[in-house]
Amino acid sequence: DRASINTLVENRRLVQADGGLVILSAQSAHDLVGKVVNTGVVQAGGISTDGGVVRLVASSTVEHSGSISVDAGANGKGGTVLAIADLANPVSRTNISGSISAKGGAQSGDGGFIETSANRLKIVDGARID
């Protein structure tokens with residue numbers, strides 16, 4: 001039935017992959033809910049050099065009210081954060097109310113890349129993007 005086909009991926013605590021890759025993905029068939037919710041902490045920062053990659057990807061909704069960090073180590077480039085609800089879904093939405101950080105190294109290095117996409121995108125006034 002429809003309730004068992006709808007998908008949800010939710011993080012309420014901590015996901016840590018220093019310098020690594022974190023993917024939270026909820027994909028479902030057309031007209032069904034595929035939702036990723038992050039109210040916790042996701043860290044993929046660089047240990048000594050470049051930051052890692054965090055992907056929040058859903059067919060319907062991405063909600064981020066927690067904290068994501070892909071900051072570089074002392075010398076390195078900030079990582080990549082993608083918070084994307086499927087653009088092919090005309091009612092997809094991404095809501096950002098938490099913090100996202102992709103800073104370059106304190107001694108050297110460039111900042112990273114952050115993308116937030118959906119057909120309906122909401123970034124609240126209290127959100128912090130760095």
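Read-outs: derived from the displayed coordinates by stated rules, not from any lab. The structure presented is a predicted model; accordingly, all values stated were derived computationally and were not measured. We place every Cβ from the backbone using ideal geometry, glycine too, and count neighbours over all the protein chains shown.
How about LYS35: which aspartates and glutamates have a C-alpha closer than 14 Å to its C-alpha, ignoring those fewer than 8 places off in the same chain?
GLU10, GLU63, ASP86
Please list, ordered by chain and number, the residues whose modelled amide H lies under 5 Å from the amide H of GLY19; skip anything fewer than 5 residues away on the same chain.
Under 5 Å from the amide H of GLY19 lie the amide H atoms of GLY45, GLY46, ILE47, GLY52, each far enough along the sequence or on another chain.
What relative contact order, as a whole-number percentage, does the stretch 1-118 give when Cα pairs under 8 Å and 6 or more residues apart are counted?
With pairs under 8 Å counted, the relative contact order is 22 percent.
Just the C-alpha atoms of the chain: what Rg/Rh do they give, with Rh taken as the Kirkwood radius?
Rounded to two decimals, Rg/Rh equals 1.02.
Give a residue-ordered list of calculated ³J(HN,Hα) values for the stretch 82-96 (Karplus: 6.51 cos²θ - 1.76 cosθ + 1.60, θ = phi - 60°; whole Hz; x for Gly, Pro).
10, 10, 10, 9, 3, 6, 6, 8, x, 10, 5, 8, 10, 10, 10
Just order 53-66, 13-26, 82-95 by mean Cβ neighbour count inside 10 Å, highest at the front, would you?
By packing density, highest mean first, the sequence is 53-66, 82-95, 13-26.
Given 10 °C and 1.306 mPa s, how large is the Stokes-Einstein diffusion coefficient of the stretch 77-129 in µm²/s, with Rh as the Kirkwood radius over Cα pairs?
Here the translational diffusion coefficient equals 131 µm²/s.
For the stretch 14-85, what is the convex hull volume of the alpha-carbon atoms per residue, in Å³?
63 Å³
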